[in-house]
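> Structure incoming, see below.
The values are calculated or read from the model by the stated rules, or taken from the named source; none is laboratory data. Predicted model only: the values in this text are computed from it and were never measured. Note: ideal-geometry Cβ built from the backbone for every residue, glycine included; neighbour counts use all protein chains shown.
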Amino acid sequence: MIEARGLTKRHGTRTAVDGLTFEVAPGRVTAFLGRNGAGKSTTMRMLVGLDRPTAGTARIAGRAYEELAEPMRTVGALLDSGAAHPGRTARDHLLWLAHSNRIGARRVDEVLDTVELSGAARRRVGGFSLGMRQRLGIAVALLGDPAVLLLDEPANGLDPEGIRWLRTVLRSLAREGRTVLVSSHLMGEVARTADHLLVIGRGRLLADTPLTSFVTAHGPQALRVRTPRPQALLDLLDAEGIPTSRQPDGALHVSGAGEDRIGRLAARHGIPLLELTPEEDPLEEAFLRLTSPAAGSSR
């Protein structure tokens, strides 16, 4: 488990992280969300000892990172995909790290295969694309077969195929019982991958909740509804006091009622539905609402 208690980081008069307290449990993918400058990267750096907290504590498996005897066997981290020396080959970069943590060369070949870089193992990192560097960074995180993964924007630079691959890897790691913490700005991917959310703004914790509960609490209330009997549904919703308007393409714009209520009403009156979807991306809209400047956060 990852544990933060009152975690705080100040730079002079500016507070980057302000009293964060949370736990990241094993067996699920936890997404760490916040606008630019919210304090996500600083928090992750404090978790692995790269930044020293001004106050509070960070623990992984019950210990501070610097107390771990062989840290790569406990924690795998991707915080900067550009950390590999450009003149070193991918395999040599991994071998150097493996030797420092008493990890065998066989494991190097395994993770190269996992991230689909076996064919580029003896190429110099300086010639890698951003996506290949990102895969190498993920290989580093997986090298010690750790129980805990911390990944800062791991999808950055990956093509659609690579993003789908990453999604599969993260879900698989969580199913194995590992603790997976991932920061991301890709709300669509978070919605497909994460089970739980930590949302921060101005360094403060705004939400610590299952993804579905977060969307329900903060998500959009406007729905797009299509039916072969639009007027009948319009009259029904109007009688129920549910604000509804007809769109140019014949669909109905419904606000102030959830999908369950609309679906039950239509079924009760024998009105078939062809579409019943949120007008906006639910997670994205919920995130933007909660972290908007008016709600106490800023970029």
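> The conditions are (1) exposed (fewer than 14 other Cβ atoms within 10 Å of the Cβ); (2) modelled with pLDDT of 95 or more, and A266 fails exactly one of them. Which is it?
(1)
> Considering only helices (runs of 4 or more DSSP H) fully contained in the stretch 99-190, which possess at least 2 residues that are charged (D, E, K, R), within 28 Å of D281 (Cα to Cα) and assigned by TED's automatic domain parsing to the domain that holds L211?
It comes to 160-175.
> Could you list all residues from the stretch 225-243 that are in contact with a strand residue (DSSP E or B) (Cβ under 9 Å, 6 or more places away or on another chain) and outside any helix (DSSP H, G or I)?
Passing the criteria: V225, R226, T227, I242, P243.
> Suppose the filter is assigned to a loop (DSSP other than H, G, I, E, B) and either modelled with pLDDT under 95 or within 18 Å of L205 (Cβ to Cβ) (or both); does P26 pass it?
Spelling it out, it is not the case that P26 is assigned to a loop (DSSP other than H, G, I, E, B) and either modelled with pLDDT under 95 or within 18 Å of L205 (Cβ to Cβ) (or both).
> Of everything in the stretch 97-118 that's touching a residue at least 40 places away in the same chain (Cβ under 8 Å) and buried (at least 20 other Cβ atoms within 10 Å of the Cβ), which residue is farthest from D145 (Cα to Cα)?
A98
Conditions tested, residue by residue: (1) over 18 Å from L142 (Cα atoms); (2) assigned to a helix (DSSP H, G or I); (3) not assigned by TED's automatic domain parsing to the domain that holds V111.
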{"position": "G37", "(1), (2), (3)": "yes, no, no"}
{"position": "T42", "(1), (2), (3)": "yes, yes, no"}
{"position": "P53", "(1), (2), (3)": "yes, no, no"}
{"position": "G56", "(1), (2), (3)": "yes, no, no"}
{"position": "G87", "(1), (2), (3)": "yes, no, no"}
{"position": "L95", "(1), (2), (3)": "no, yes, no"}
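> Taking T291, is it under 28 Å from T15 (Cβ atoms), surrounded by 16 or more Cβ atoms within 10 Å (Cβ to Cβ) and not aliphatic (A, V, I, L, M)?
When the stated conditions are applied, T291 passes them.
> Here's another thing I want to ask about it. For the stretch 201-233, how many residues are buried (at least 18 other Cβ atoms within 10 Å of the Cβ), of a type in the set (A, V, I, L, M) and without any contact (Cβ under 8 Å) to a residue 60 or more places away in the chain?
Of the residues in that region, 3 qualify.
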